[in-house]
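Read through the structure below, which is laid out as structure tokens, and then see the notes.
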Amino acid sequence: MKSISSLFFKDIVVEWRNKEAVSSMFMFGVLTLVIFSYAFDPSGTDRSLLTPGILWISFTFAGIIGLNRSLAMEIDNECIQGLLLAPLSRGELYLGKVASNFAFMMIAELLMMPPFVVLNNLTFSFQIIEIIGVAVLGTLGFVSVGTILSMISAHTRMKEVILAVLQIPLTIPVILTSVAATGQILANETEGISYALMMLAGFSIVYLTASYLLFEYVVED
Amino acid sequence: MGKRILGISSVVLMIVALYLIFVYAGVDAAQGEPFRIFYFHVPVLLLSYLSAILLGSACIMFLYNAEAKWDRAGAVAAELGLVFGGTGLISGMMWAKPIWGKYWVWWDVRLNLQLILVLTFAAYLMLRAYLPNQEKRATLSCVFGLLALVNVPFNWLAIYFVPTLQHPKPVVSPGGGGTDPDMAIAFTCSLIAWCLTYSYLFSTRLAVAQVEQEVEYLEQVVRAS
Amino acid sequence: MTYVFAAYSIIFLGIFILAWSIVSRQKRLERKLEDLKEELRDSGRK
């Protein structure tokens, strides 16, 4: 537990110094929000159906940028070798990376919420807190898959492209469920939403466990 | 020798199946001519599910005892799964257009699962293509294969539940067969023909994959000396 | 009816492409083996 938190704090400190991850994720996310809003005619009446989708596409693309960047950071200067030599089990290494990726992605998403609310003419009400709640579960699922896939794609030639190709099919259930849940919240029909939340939580638990067990196969040289 | 018998019998049975489908079995009362697509479409899709199961088992076996033959079997299963799944999807769209009026229906569970399955096969093969080192390729693609295997129930849950949260339940694609005995015979023959074809393609491709690996190894030895 | 024809031809096309790729791989392997034998013979002479 202590080793996971020290790995986590190492990443936080590095990020605090250069602020690369969060700023690039935030910029890319906001640009995606804007471009999709333009693509779907901001003044149209049926826009409300598209809003949750646009939000989650922005989150997904920002998340892939963040995963790529965190991966690149480890590969440059061969930091991975240093981490492997440390007295950490492979699974703890995985959980530490998940924690830092999750933190950066959540910060970027929180920063993206105000532009999202403003551009879509929503209100800053309790709804937003609920949407963030769904985002927490969805992001956890996204990052639990993404971290192990980023280590897998680190061994290939075209790392960033392969990461996107591997990541998107596997995170389809997360995106589908999160978009549906967000749509329900925005439409104020939160009846069956516990199904969605349980599914997202179940996804995260299953993938965290599976990746924890499989991570040793991925980092051996 | 065995492979040759397999190959010849699959061709023969395929011709018999075609005869049964187009001449022997009658025209379907409800759907007319397009129903004939099902005689091929359903076995092809079933075999793509089989490919997925084979891939999953091969990945588990490889991580268990690290023998290269499991990794090869997984790769071959993925290739066949991609072709069978892809052509199954397209033939399904050919059926859907005259019957439903459109090529694709979102929120139909089986359609979407099939699409995601084909995308997963493609991603697996693309990963393998970008990993030149043989051992790394085997290990990493098996890890990805297992992660993708775990994904399947969640996909089913998401596609099944999500529409009920927002939209009404959609049309479900009907199964094949029908109650007419002629149709049942034609369908069974087609199914067996396709199983034989799949086995033949699988065993041939697997043999070639094994030789490929040995030649790769020989190349390294010769270049080194 | 055209849809039936299209569906069947796509399925057969897929299978033929698969079979053709297997055959071409085999040919490529045989060529490689011949090249390797040549190389071994040459390096043996040296």
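Does A:PRO114 qualify as being in a helix (DSSP H, G or I) and either away from chain B (no Cβ under 14 Å) or crowded, with 18+ Cβ neighbours inside 10 Å (or both)? Yes.
Restricting the first member to the range B:79-92 and to residues that are over 20 Å from B:PRO34 (Cα atoms), and the second to residues that are among the basic types (Lys, Arg) and surrounded by fewer than 24 Cβ atoms within 10 Å (Cβ to Cβ), the beta-carbon pairs closer than 8 Å and six or more apart or on different chains are B:GLU79/B:ARG205; B:LEU80/B:ARG205. When A:ASN101 is tested against the conditions (1) touching a residue at least 12 places away in the same chain (Cβ under 8 Å); (2) surrounded by fewer than 17 Cβ atoms within 10 Å (Cβ to Cβ); (3) of a type outside the set (D, E, K, R), the lone failure is (2). Just so you know, in the range B:119-145 the residues that are within 7 Å of another protein chain (Cβ to nearest Cβ) and not in a helix (DSSP H, G or I) include one that is farthest from A:ILE172 (Cα to Cα), and it is B:LEU131. Being in a helix (DSSP H, G or I) and surrounded by fewer than 17 Cβ atoms within 10 Å (Cβ to Cβ) is the requirement here; does B:TYR103 meet it? Judged against the criteria, B:TYR103 is not a match. Going through the range B:5-63 one residue at a time, which ones are polar (S, T, N, Q), over 28 Å from B:GLY145 (Cα atoms) and within 22 Å of the chain's Cα centre (by Cα)? Within the range B:5-63, B:SER9, B:SER10 meet the criteria.
A quick yes/no check of all residues on (1) among the polar types (S, T, N, Q); (2) buried (at least 19 other Cβ atoms within 10 Å of the Cβ):
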| residue | (1), (2) |
| --- | --- |
| A:SER6 | yes, no |
| A:GLU20 | no, no |
| A:SER24 | yes, no |
| A:MET27 | no, no |
| A:ILE75 | no, no |
| A:ILE80 | no, no |
| A:PRO87 | no, no |
| A:GLY91 | no, no |
| A:ALA108 | no, yes |
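Scanning the range A:142-198 for residues that are small (Gly, Ala, Ser), buried (at least 19 other Cβ atoms within 10 Å of the Cβ) and either closer than 21 Å to A:THR51 by Cβ or facing chain B (nearest Cβ under 9 Å) (or both) returns A:SER153, A:SER178, A:ALA180, A:ALA181, A:GLY183, A:ALA196. Only a single item in (1) facing chain B (nearest Cβ under 7 Å); (2) at pLDDT 90 or above is not met by C:LEU40, and it is number (2).
Of all residue pairs spaced 6 or more apart or on separate chains, those with beta-carbon atoms under 6 Å, a first member in the range A:6-26 that is in contact (Cβ under 8 Å) with a residue 40 or more places away in the chain and a second member that is of a type in the set (Ser, Thr, Tyr) are A:PHE8/A:SER100; A:ASP11/A:SER100.
All conditions in (1) closer than 17 Å to B:LEU149 by Cβ; (2) more than 14 Å from chain C (Cβ to nearest Cβ); (3) out of contact with any Lys or Arg (no Cβ under 9 Å at 6 or more places or on another chain) hold for B:TRP104, with the sole exception of (1). Of all residues in the range B:179-198, those that are more than 13 Å from every other protein chain (Cβ to nearest Cβ) and either out of contact with any Asp or Glu (no Cβ under 9 Å at 6 or more places or on another chain) or crowded, with 20+ Cβ neighbours inside 10 Å (or both) total 13.
Taking the criterion of being of a type in the set (Lys, Arg), facing another protein chain (nearest Cβ under 10 Å) and surrounded by fewer than 19 Cβ atoms within 10 Å (Cβ to Cβ), would at least one residue in the range B:91-99 satisfy it? For the range B:91-99, residues of a type in the set (Lys, Arg), facing another protein chain (nearest Cβ under 10 Å) and surrounded by fewer than 19 Cβ atoms within 10 Å (Cβ to Cβ): present. Selection of the range C:1-21 for residues being aromatic (Phe, Trp, Tyr) and facing chain B (nearest Cβ under 7 Å) yields C:TYR3, C:TYR8. Between B:GLY145, B:GLY85, the distinction of being within 18 Å of the chain's Cα centre (by Cα) and either within 30 Å of B:GLN220 (Cα to Cα) or β-branched (Val, Ile, Thr) (or both) belongs to B:GLY145 only.
Quick test for you: out of B:VAL27, B:VAL44, pick the one residue that is crowded, with 23+ Cβ neighbours inside 10 Å and either of a type in the set (S, T, N, Q) or within 14 Å of chain C (Cβ to nearest Cβ) (or both).
B:VAL44
Can you spot a residue in the range A:75-87 that is under 21 Å from the mean Cα position of the chain (by Cα), modelled with pLDDT under 85, of a type outside the set (S, T, N, Q) and under 20 Å from A:GLU15 (Cα atoms)? Scanning the range A:75-87, I find at least one residue that is under 21 Å from the mean Cα position of the chain (by Cα), modelled with pLDDT under 85, of a type outside the set (S, T, N, Q) and under 20 Å from A:GLU15 (Cα atoms), so the answer is yes.
The values are calculated or read from the model by the stated rules, or taken from the named source; none is laboratory data. Remember, predicted model here, so these are calculated numbers, not experimental data. Virtual Cβ from ideal backbone geometry, glycine too; neighbours counted across all protein chains shown.
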